[in-house]
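Report on the structure given below.
The values are calculated or read from the model by the stated rules, or taken from the named source; none is laboratory data. Note that the structure is predicted; figures quoted are calculated from it, not measured. Because the Cβ atoms are built from the backbone with ideal geometry, glycine has one as well, and the counts that use them run over all protein chains shown.
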């Protein structure tokens, strides 16, 4: 009996170490960024500028690299795709109804709603998936990224236009989708695959190198972007959004994915889609579109730091249950 119990404890400890190890690289990159910012090696303006440069120049390569050379049809999981979009849309709707019920100020509403449903899936989720399954085994995760990211961008525009009294146009929405670097990288990969183009080795190697360096650079910049000064926003709003973003919605998202039979990389894709912190872009969106940018920025900081603890717990639960 003692041997069986010892084996169980040993297995659980090993599972926990695997899950923590998947998050440790991201946490280290964040810490490096925080140190750079606190030591004033990089300014806030430089962080903002470099983040934009990384987004428009490197993000297309990370998407292209994870789709190029893959059998898209074989990796296209329709159940996963439909569930990811369906759950994200439901998350958006529930967040909207809930926040409007508890918050009467439109200035606060946009930032709170966005914090509850818009995840940093690309920046934090994707690297963790790579650490768990290996770079060549997460094509399904990349495909889902192409589906979810446009929804985040478009819905956020509609959200803030609504609360500042404006109206999102169809042309503006389409332009937002087609000018997203992640989507452009995916489209380029699909074109190359459909046409059967084999890229020369030097070009392919260059793309792979650019893809590999994207996550570390982006995570360091995210750490440098975190403003660790005293928070001025209502702690109640921060607590509600943090709990909803990292605990409430992940619990339902993961449970639903397990119920419909998703396992391994597809299940982890849903987990990281729902359990990663508030997207860094939410701060810029709220600030530029009449929302409470200060609250949005504080939520990015709190959820990013807290997720370094909550994500390993979610992964540990699924690993112990034999889900991946």
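Criterion applied to 168, 188, 156, 129 was being crowded, with 16+ Cβ neighbours inside 10 Å, in contact with a helix residue (DSSP H, G or I) (Cβ under 7 Å, 6 or more places away or on another chain) and at pLDDT below 80, and the one residue passing it is 168. Does residue 303 qualify as being closer than 22 Å to residue 89 by Cα, surrounded by 16 or more Cβ atoms within 10 Å (Cβ to Cβ) and touching a strand residue (DSSP E or B) at 6+ places or on another chain (Cβ under 9 Å)? Yes. When residue 311 is tested against (1) at pLDDT below 95; (2) within 24 Å of residue 55 (Cβ to Cβ); (3) out of contact with any strand residue (DSSP E or B) (no Cβ under 9 Å at 6 or more places or on another chain), exactly one condition is not met: (1).
In the condition set (1) surrounded by fewer than 20 Cβ atoms within 10 Å (Cβ to Cβ); (2) without any contact (Cβ under 8 Å) to a residue 40 or more places away in the chain, residue 79 is compliant with all but (2). Within the stretch 40-65, residues that are farther than 12 Å from residue 222 by Cα reach partners that are not in a helix (DSSP H, G or I) with beta carbons closer than 9 Å, at six or more positions or on different chains, in the pairs 59/180.
Beta carbons closer than 8 Å, at least 6 apart along the sequence or on distinct chains, pair a first residue in the stretch 246-268 that is more than 24 Å from residue 113 (Cα to Cα) with a second that is loosely packed, with under 14 Cβ neighbours inside 10 Å for 260/79; 261/79; 262/79; 266/79.
Might you check whether a residue that is more than 19 Å from residue 64 (Cβ to Cβ) and either buried (at least 17 other Cβ atoms within 10 Å of the Cβ) or touching a residue at least 12 places away in the same chain (Cβ under 8 Å) (or both) occurs anywhere in the stretch 135-149?
No: zero hits.
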